[in-house]
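Inspection log for the structure reproduced underneath, given as structure tokens.
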Amino acid sequence: MKDFIRIRGLSKKFGNFLAVDNVDLDIERGELFSILGGSGCGKTTLLRMLAGFELPTSGTIEIDGVDVTNQPPYERHVNMMFQSYAVFPHMTVEKNIGYGLRKERMPRPEIAKRVDEMLELVQLQELRSRKPDQLSGGQRQRVALARALIKQPKVLLLDEPLAALDKKLRERTQFELMNIQDELGITFVVVTHDQEEAMTLSSRIAVMDRGQFRQIGTPKEIYEFPSNRFVAEFIGTINTFRGHVAAKEEDSISVDSSEAGVTLTALGKQLVEEGQEIEIAIRPEKIFISKEKPDDGDAVCLPGVVDDLGYRGNRSLYRIRLESGKIVQVSSQNRRRSVTRFLEWDDRVWISWRPRSAVVLLD
Amino acid sequence: MWRKAIIAAPYLWLLVFFLAPFAIVLRISLADPVIAQPPYSPTYSPDSFTFLLTDKLYAITYLRSVVMAAGATLLCLLLGFPMAYGIARCSPATRSMLLLLIILPFWISFLLRVYAWMGLMNNYGAINNLLMWLGVVDQPVQLMYTDFAIFVGLAYSYLPFMILPLYATLERMDLDLVEAAQDLGASRSRAFWDVTWPLARPGVIAGCLLVFIPAMGEYVIPYLLGGSESLLIGRVLFDEFFVNRDWPLASAVAVILLLLLVVPIVLLQRYQARDQEGTA
Amino acid sequence: MNRQSRFIISVLAFGYAFLYIPLVLVIVYSFNDSSIATVWGGFSTRWYGELLRNDQILDAALLSLRIALTSATMATVLGTMAGLALARFRRFRGRTLFSGMITSPMVMPEVITGLSLLLLFVTLQQLTGWPGQRGFGTITIAHTTFSMAYVAIIVQSRLMAMDESLEEAAMDLGGHPLRVIFDITLPLIAPAMIAGWLLAFTLSLDDLVIASFVSGPGSSTLPMYIFSKVKLGVSPDINALATLIILFISIGVLLSWLVARRRV
């Protein structure tokens with residue numbers, strides 16, 4: 001069966017507020033799927049409906065061919081790792097991890113064996129008889145993970161799994177999570193507001209806004225080919241130029257943009273008509289910056305002035321003011337080591353990019 | 001099913017033993033007193049209320065109760081605010097000790113605490129002995145069985161109710177706010193009235209209501225410390241019921257007392273509900 | 001030290017003196033040999049001896065203890081249920097009335113609560129024959145009613161402060177909701193329930209006015225007995241009794257404070 005989780009027409013209303021708005025989603029077995037969005041976008045409500053804590057107002061959820069829409073959480077083969085970890089404070093690490101199996105009335109020796117395996121998987125063997133208040137945040141997170149995995153769920157739900165950890169630990173845990181997922185082959189559904197986390201972890205991402213998906217795709221697709229302005233701006237930084245389609249060729253279009261001051265070309269066979277108002281978007285790191293006008297016939301070249309600049313160690317950020325007054329952000333790698341700056345405030349510069357780097361945004 | 005049971009048990013209990021009794025009080029307040037068992041008629045008449053509202057004595061008693069309760073509340077506030085403020089500014093260790101000493105009397109029998117003042121304010125009690133020894137007076141001053149004694153008794157008994165909510169708001173308050181006000185040019189007292197007082201207001205209101213409401217219906221303190229002619233409404237209710245056996249009149253007294261207290265009680269509940277949400 | 005803190009310290013000193021001097025004097029005078037309670041006649045423990053020989057006091061104390069134990073336990077059970085319902089069951093019919101009824105007994109003047117409960121018992125007796133006589137049963141019911149409010153508030157605020165995802169996690173791991181209450185919720189709110197029980201116990205031991213209304217002839221609680229004595233003025237054996245109660249409660253409160261402080 002291809003689609004392991006099938007969500008159809010799913011909506012959730014709280015009073016008059018539509019938290020999740022008629023959503024369809026398919027997730028394959030073994031995927032590490034992320035739902036990415038800002039606070040209040042409906043991602044947590046969606047996750048809680050998958051877990052069974054909220055009943056949908058309408059629509060269906062199918063997991064592994066079984067309709068679970070109205071199943072209570074304690075009957076679903078789905079487990080969750082909570083944002084607060086929700087490690088039971090009055091139970092030891094061992095008791096916490098074994099809780100789910102005890103509820104299944106599994107024989108004690110079997111429980112002990114499985115708990116041992118889990119302790120080993122998350123490397124908490126030495127801490128087995130500690131209480132949660134004697135654990136660090138990272139250790140508690142691993143208890144929560146082991147506790148959710150021990151029931152061998154069909155789907156593991158993770159609500160902001162790394163938000164409570166500090167930056168260094170977060171990076172390490174990211175890879176641990178991926179390894180465990182790889183080893184066990186369980187389908188992971190992660191909810192997060194952190195785009196970097198989603199980009200590193202996931203096989204696919206759904207970007208959510210106001211209860212709806214704005215784009216679903218691999219991290220690369222989402223970043224390089226955002227299908228709309230919301231996704232383009234939500235993931236990373238992007239410069240946009242508003243304009244009218246001047247001409248349509250076989251695999252490129254020309255756009256007249258007063259913001260840019262020139263005609264821009266972009267690749268792609270988008271469904272646009274001549275005269276339609278659209279936006280051309282370009283990421284800061286795709287833009288080159290130089291003091292002389294580059295002699296590249298294909299490239300889009302615009303003159304400007306350095307309005308502001310910032311040094312970030314591995315790269316420098318520039319804000320370039322075009323003649324139209326529009327500010328363009330440019331990010332360039334600092335490949336050479338140097339104490340003097342390559343550019344200063346108010347320097348006249350040229351910025352340029354390859355047409356294939358630009359994206360056409362329709363809305 | 002089990003959820004319904006969890007709600008239903010306390011719900012039914014309160015319906016039967018809290019709400020239904022009020023309906024009965026209201027019913028009996030509209031009956032006539034008769035010599036029978038139980039001593040009220042099955043008929044309806046507003047006589048008890050007309051009697052209460054026309055007899056000046058009752059109006060004066062209600063008014064006296066309001067004045068006494070309000071006076072005691074003010075006394076508690078004047079003493080309680082600086083105390084709560086002082087406790088909130090102590091180091092955490094001292095603070096918890098001082099707080100314990102505020103709560104401790106609350107656990108000790110109310111009746112015995114009132115009783116303690118009887119020994120203190122007696123004509124030959126500790127206060128008069130001290131005053132005479134100091135030579136301030138050469139005759140015992142009449143303290144017991146005066147309104148002054150009631151004021152002191154009320155303030156003494158209900159002081160913890162004032163301090164605790166005040167302390168809770170003052171402790172939560174960010175000290176930086178006062179310093180910020182001073183940094184921006186406010187004098188010490190200006191900073192107090194501009195910052196501390198407005199932020200402490202929820203605690204002040206809750207504390208005042210917690211003192212005022214029970215003080216209004218107080219029975220023990222006026223009975224033990226007040227004179228026989230210093231009537232307060234709680235005692236009138238008690239006496240109408242037990243001494244005069246006029247159940248309808250006692251019920252009517254209760255109904256009017258409750259009407260007087262509806263506004264403060266609802267106010268207090270609103271503050272407490274807000275506080276609960278605030279800490280959640 | 002500035003003027004402000006000197007003022008605060010003097011008020012604190014005065015306030016604590018105000019709270020404690022009366023109690024200290026009661027303790028001192030309980031060792032007074034003189035039978036005129038306000039005149040010092042030398043040190044003696046004779047009033048403690050008389051106390052032990054006074055059967056009325058012992059009977060009243062026993063009745064008060066029985067009522068306090070029963071009503072505190074019932075109040076804890078009902079109050080915990082009410083606290084759970086208010087904190088965890090978001091919406092149910094009659095919720096507004098329910099939460100109003102929970103908190104009202106706490107702020108209701110005692111004379112009103114007492115009168116209304118007595119009238120209820122009288123009416124019930126006329127209609128059903130129950131309660132045949134007023135005493136242990138009626139006082140216990142009255143005390144349960146007003147002290148369950150305190151338990152409910154304490155439990156509710158503990159639950160509000162508690163992470164609800166703990167209970168959800170247990171459910172997610174296969175615990176039936178009712179099971180989860182016993183596995184997770186109750187163990188975690190146990191300290192609040194104990195605090196509530198102790199408060200209910202003390203409130204019951206302490207109550208005079210409500211018990212006076214709903215008790216019948218022949219059943220006097222300890223406060224009722226004390227009141228009947230002190231109405232007539234200061235008396236030395238009540239000083240002795242008060243001293244015992246004050247010391248007993250102070251030690252209890254201090255101990256539980258020390259235990260609580262060590263655990264934190």
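Derivation of every value follows stated rules applied to the coordinates shown; laboratory data play no part. Model, not experiment: these values are computed from the prediction. Heads up, the Cβs are rebuilt from the backbone with ideal geometry, glycines too, and the neighbour counts pull from every protein chain shown.
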Fill in the blank from the handout: For the A:LEU169, A:GLN134 Cβ pair and Förster radius 22 Å, calculated FRET efficiency rounded to 0.05 is 0.80
Completion exercise
C:GLY135 neighbourhood, Cβ < 15 Å, K/R = +1, D/E = -1, net charge 0
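R0 = 30 Å: FRET efficiency of B:ALA5 with C:TRP257, Cβ-based, nearest 0.05?
Details: r = 36 Å, r/R0 = 1.21.
So the FRET efficiency works out to roughly 0.25.
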Handout entry: Within region B:135-153, backbone nitrogen closer than 15 Å to the virtual label 7 Å beyond the Cα of B:VAL67 toward Cβ
Key = B:146-151
Practice task
Measure nothing but the geometry: give the 0 to 90° angle between the long axis through the Cα atoms of A:108-121 and the longest principal axis through the Cα atoms of chain A, rounded to 10°.
Solution key: 30 degrees
Handout entry: region A:237-361: relative contact order in percent, alpha carbon pairs under 8 Å with at least 6 residues between
Key = 30 percent
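I'd like the mean, over residues of B:118-129, of how many other protein chain beta carbons sit within 10 Å of each residue's own Cβ.
Neighbouring Cβ atoms belonging to other protein chains average 5 per residue here.
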Practice task
Would you list which aspartates and glutamates come within 18 Å of A:LYS248, measuring only between C-alpha atoms, while excluding same-chain residues fewer than 8 positions from it?
Solution key: A:ASP256, A:GLU273, A:GLU274, A:GLU277, A:GLU279, A:ASP298
Completion exercise
For region A:25-90, shape from the Cα gyration tensor axes a ≥ b ≥ c, cut at a/c of 1.5 then a/b versus b/c, turns out rounded
Handout entry: Net charge over other residues, Cβ less than 9 angstrom from the Cβ of C:ALA85 (K, R count +1; D, E count -1)
Key = +3
Exercise for the section: Over chain A, calculate the relative contact order: mean separation of alpha carbon pairs under 8 Å at least 6 apart, over the residue count, as a percent. Expected result: 15 percent
Completion exercise
If one compares the long axis through the Cα atoms of helix B:233-242 with the longest principal axis of the Cα atoms of chain B, the angle in degrees, nearest 10, works out at 30 degrees
Exercise for the section: With label points built 7 Å along Cα→Cβ from the Cα atoms of A:MET106 and A:SER324, find their separation and express it in nm. Expected result: 6.2 nm
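Among A:LYS113/A:LYS151; A:LYS95/A:LYS151; A:LYS12/A:LYS43; A:LYS220/A:LYS293; A:LYS167/A:LYS286, which pairs are too far apart, with a Cα-Cα distance over 19 Å?
Numbers: A:LYS113/A:LYS151 13 Å; A:LYS95/A:LYS151 14 Å; A:LYS12/A:LYS43 11 Å; A:LYS220/A:LYS293 31 Å; A:LYS167/A:LYS286 27 Å.
Going by Cα-Cα distance, A:LYS220/A:LYS293; A:LYS167/A:LYS286 fall outside the 19 Å limit.
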Problem - Inter-site label distance for B:LEU131 and C:ARG91 at 7 Å from Cα along Cβ, in nm - result: 6.5 nm
Practice task
Could you rank the peptides A:184-190, B:111-117 by their average count of other C-beta atoms within 10 Å per residue, with the highest value first?
Solution key: B:111-117, A:184-190
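When a/c is below 1.5 the answer is rounded, else prolate if a/b is larger than b/c, else oblate, so apply that to chain C with a ≥ b ≥ c taken from the square roots of the Cα gyration tensor eigenvalues.
It is oblate, given that a/c is not under 1.5 and a/b is not larger than b/c.
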Practice task
Select from B:MET118, B:MET144, B:MET173 the residue whose mean-square fluctuation is largest in a Gaussian network model of chain B (Cα-Cα springs shorter than 10 Å).
Solution key: B:MET173
Handout entry: Kyte-Doolittle mean at least 1.6, axial Cα span of 27 Å or more - DSSP H helices of chain C
Key = C:186-206
Exercise for the section: Report, in debye and to the nearest 20, how large the dipole of the protein assembly as shown comes out about its Cα centre when Lys and Arg carry +1 and Asp and Glu carry -1 on their Cβ. Expected result: 1600 debye
Practice task
Before rounding to the nearest 500, sum -39500 (n - 2.57) across all DSSP H runs of length at least 4 in chain C and divide by the residue total; then give [θ] at 222 nm in deg cm²/dmol.
Solution key: -26000 deg cm²/dmol
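Where a ≥ b ≥ c are the square roots of the eigenvalues of the C-alpha gyration tensor, would you call region B:31-279 rounded, which needs a/c under 1.5, or, failing that, prolate if a/b is larger than b/c, or oblate?
In terms of gyration-tensor shape, oblate.
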Problem - Ranked by how many other beta carbons lie within 10 Å on average, peptides B:6-19, C:166-179, B:26-39 from highest - result: C:166-179, B:6-19, B:26-39
Problem - Percent RCO, i.e. relative contact order, over region B:102-228, from Cα pairs under 8 Å lying at least 6 residues apart - result: 35 percent
Handout entry: Residue list for region B:184-203, given a label point 7 angstrom along the Cα-to-Cβ vector of B:LEU177 and an amide N cut-off under 14 Å
Key = B:191-203
Problem - Per-residue Cβ neighbour rank within 10 angstrom, fewest leading, A:GLU323, A:GLU292 - result: A:GLU292, A:GLU323
Fill in the blank from the handout: A:ASP308 and C:SER5 label points (each 7 Å along its Cα→Cβ direction) are spaced in nm at 4.5 nm
Problem - Fraction of antiparallel bridges per DSSP, region A:126-242 only, in percent to nearest 5 - result: 50 percent
Handout entry: Among A:9-19, A:32-42, the order from most to least packed when residues are scored by Cβ within 10 Å on average
Key = A:32-42, A:9-19
Fill in the blank from the handout: Env charge @ A:ASP363, Cβ radius under 9 Å, K,R +1 / D,E -1, value 0
Problem - Exercise: per-residue mean of other protein chain Cβ atoms within 10 Å, B:81-87 - result: 5
Practice task
Please give the average number of partner chain Cβ atoms lying within 10 Å of the Cβ of each residue in A:49-55, rounded to a whole number.
Solution key: 2
Problem - Rounded FRET efficiency, nearest 0.05, which uses the C-beta distance separating B:SER228 from B:SER91 and R0 of 45 Å - result: 0.35
Handout entry: Burial ordering of C:LEU127, A:LEU322, fewest other beta-carbon atoms within 10 Å first
Key = C:LEU127, A:LEU322
Problem - Neighbour-count order for C:TRP197, C:TRP130, fewest beta carbons within 10 angstrom listed first - result: C:TRP130, C:TRP197
Handout entry: chain A: antiparallel DSSP beta bridges as a percent of all, rounded to 5
Key = 75 percent
Completion exercise
If one compares the long axis through the Cα atoms of helix B:110-121 with the longest principal axis of the Cα atoms of chain B, the angle in degrees, nearest 10, works out at 80 degrees
